[in-house]
Structures are given as C-alpha cells and as structure tokens.
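The values are calculated or read from the model by the stated rules, or taken from the named source; none is laboratory data. No experiment lies behind these values; they were computed from the predicted model shown. All Cβ positions, even for glycine, are placed from backbone atoms using ideal geometry, and neighbour counts span all protein chains on display.
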Amino acid sequence: MKFINQPIGPLNNYSRCFFGIWFLAMAASVGWRNADGPSYKEQIDAWHQTRINSLKSETGWLNLAGLFWLSNGKNSLGRGTDFDLAFPVADAPADLGALYLENGHVRFVPKVGAAVLADGKPVTGPLVIFAPDQKPLVLAHGSLRWFIIKRGPKYGVRLRDLDSPQLKEFQTIDRYPIDESWRIKARLETPSTPTTIPIIDVLGLTSQQPLAGTLVFERAGKTYRLDAVEEGDKLFILFGDPTNAHETYGAGRFLYADRPVSGVGEKGLVVLDFNQSINPPCAFTPFATCPIPPKQNKLAVAVTAGEKRYGEH
C-alpha cells in the first residue's frame, strides 16, 4: 500500500540545554521545545501545507480521471466512447491504440500517428508497459497520463488528467483545531514471529499485510490498541472512530508514524500524532482502491484531531 505521508523534521532543538542527555530525554518526554524554534502549531501547519502540495502534485490524488479494468487480450483505448477504454475527449475523439493483457504482462501498441509518449519519447511500436519484474511505465498524450496497476487478480489502467477540473477547484481540507494532547506516546508490541493481518479494500479484495506490531496507548485513563502494518520505514495505521459517522470520512482515516525511538527511557515507544490523521485517497476520487480499517482498529474514543471529511466520495 502506497499512500505516503510526508514526515516533518525534528520537532525540537536542545543543543543549548545544560543538563545533557538525561535532560534531553526528560524534556522530550514532556514535549518541551526550544523557544527559538517553530511552535507545535507552526510545525503541524507546515506539515499540512506539504500534504496539500502533495495532493495537488502530478502524482497526487486530485487529478485522477479514470480507472479501467482490463480484459484478457486486446483492449482498445482512445478519447471518446468508441473504445473499450474510453478516455475523456479534448478537442476531438482520437484513437490512441490498444493494450494487450497476456499472462500478467501488458503491452501497448500505438495507433500510427497517435502522439503517445513514454518517458518523454514517442512510442512508435509495441511496448511492454507492465510486467511482474519491472516498474510500470507511464504513458502520456496531451494532458493525460496513464499506467497499469494490479489489485489481486485484476489489472487496471489508472488515468490522470493534469487539466482535471477538480484539481483546479481544490482549495484545502477542513481540520480540527490543532490539539497537542492528541500527540500521544504508544508502546509497540511486536509479534514474536513474522505475522500478517488481512486487509480488505473497497473492491472487496483481501490482502495479507505484514504486521509491524500493536500500538498500545492511553487516553483519558483508558487503554486503546491499534494494529500497524509496515509501509517502508514507517508504520501505517488504518483506524476508525465515532467521528466517522458525521465529521470525518465514513470508512476511517490513515495515520503514519515513525518506528520506535531509541532515546533514554523511551525504547519501544512510538509517537502517534493524531493531528496528522488524513483522509484516504477515496475521499478525493472514486478512482482509488483504498484499504479499509480492520475491525480491531475501530476505536471507541472520538479522535477529534486531524482532517475532517472532504467531498462526497
């Protein structure tokens, strides 16, 4: 699952503190900050702006314009309705060629004169754009970009439009007021042997994801648990809570966290900053294939921090 959240740099600067390593650990544990550095609110606001910029980027979620599932064999594609894969029309309908799905490989055969590019170079003949052992190629025609994704046994074409109206209309995402009390330290309980947990996506497909461990934390005197899966060098948490009913995205939200810190007295602890809780891609587009929080990650406490509901998806 690739839904990456940009991390913020170090929160604190204690280089001038007098009491050394012990003081550093104690100050970090109570959230002290250097008065010369940015405030916690400023850090979260900067993180949020980075998040907005990512959504609006060429590889963000706001410019998705289609998701087309391939059939085995030939799949014609072009701008207009006369194709198996009907891309949006710009100035006029256009036949762009065909995609062939065969034994887990996808080959693109361009229509002569179709002006389709791959890595900035014209595609003049048959080209394998997806294979199990290679990174998918991105094809381009005008403002359109498309590439192959695989979900379970299904192969699809994910289409982007860099001139998407939604991209132009987007402003920002409503958030709860920043509340540092939702920056919580949790203990990571790791499995004794490699373990996976089932994660279901909006397509109804189930995948087994590697369990990084269970995060245990307290809020208002009560203990809560969240399973985290591995996402590169991050922990990825899918969670739901009572706010999903009215204020936040109905299926739940995403949260990323750094792996446990190794500071004095803090071995095995993870910072869960719920002010960085985000909407899944499916909140922005119907053309995403988001995972859904597992039932054990439905919290009984209302998480009144992070992003609120966006749009109608």
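Of the residues that make up region 142-149, is at least one closer than 25 Å to L167 by Cβ and among the basic types (K, R)?
Residues of region 142-149 that are closer than 25 Å to L167 by Cβ, as a first pass: 142-149.
Applying the additional criterion that residues be among the basic types (K, R) yields 145.
Yes, that holds for at least one residue.
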Residue identified as of a type in the set (A, V, I, L, M), farther than 21 Å from T285 by Cα and either touching a helix residue (DSSP H, G or I) at 6+ places or on another chain (Cβ under 7 Å) or not assigned by TED's automatic domain parsing to the domain that holds P286 (or both) among A94, A86: A94
Any residue at all in region 201-213 that is surrounded by fewer than 22 Cβ atoms within 10 Å (Cβ to Cβ) and closer than 19 Å to Y176 by Cα? no
Residue in region 141-190 that is farthest from Y249 (Cα to Cα), counting only those that are part of a loop (DSSP other than H, G, I, E, B) and β-branched (V, I, T): T190
For F236, work out the one condition from (1) in contact with a Leu (Cβ under 7 Å, 6 or more places away or on another chain); (2) assigned to a strand (DSSP E or B) it doesn't fulfil. (1)
Wholly within region 73-119, strands (runs of 3 or more DSSP E) carrying at least 1 residues that are of a type in the set (G, A, S): 73-79, 85-87, 94-102
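Let's see how each residue does on (1) in contact with a helix residue (DSSP H, G or I) (Cβ under 6 Å, 6 or more places away or on another chain); (2) modelled with pLDDT of 95 or more; (3) in the same structural domain as D91 (by TED's automatic domain parsing); (4) of a type in the set (K, R):
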site: P126; (1), (2), (3), (4): no, yes, yes, no
site: R145; (1), (2), (3), (4): no, yes, yes, yes
site: I148; (1), (2), (3), (4): no, yes, yes, no
site: V157; (1), (2), (3), (4): no, yes, yes, no
site: D179; (1), (2), (3), (4): no, yes, no, no
V138 passes all but one of the listed conditions (1) exposed (fewer than 13 other Cβ atoms within 10 Å of the Cβ); (2) in contact with a strand residue (DSSP E or B) (Cβ under 7 Å, 6 or more places away or on another chain); (3) within 25 Å of L77 (Cα to Cα); the exception is number (1)
Looking at (1) free of Cβ contacts under 8 Å to residues at least 24 places away in the same chain; (2) in contact with a Gly (Cβ under 8 Å, 6 or more places away or on another chain); (3) part of a loop (DSSP other than H, G, I, E, B), can you tell me which one N244 breaks? (3)
Do we have any residue at all in region 241-261 that's at pLDDT below 95 and of a type in the set (K, R)? yes
Go through region 97-135 and give me each residue that's surrounded by 15 or more Cβ atoms within 10 Å (Cβ to Cβ), more than 17 Å from F87 (Cβ to Cβ) and hydrophobic (A, V, I, L, M, F, W, C). L101, L127, F130, A131
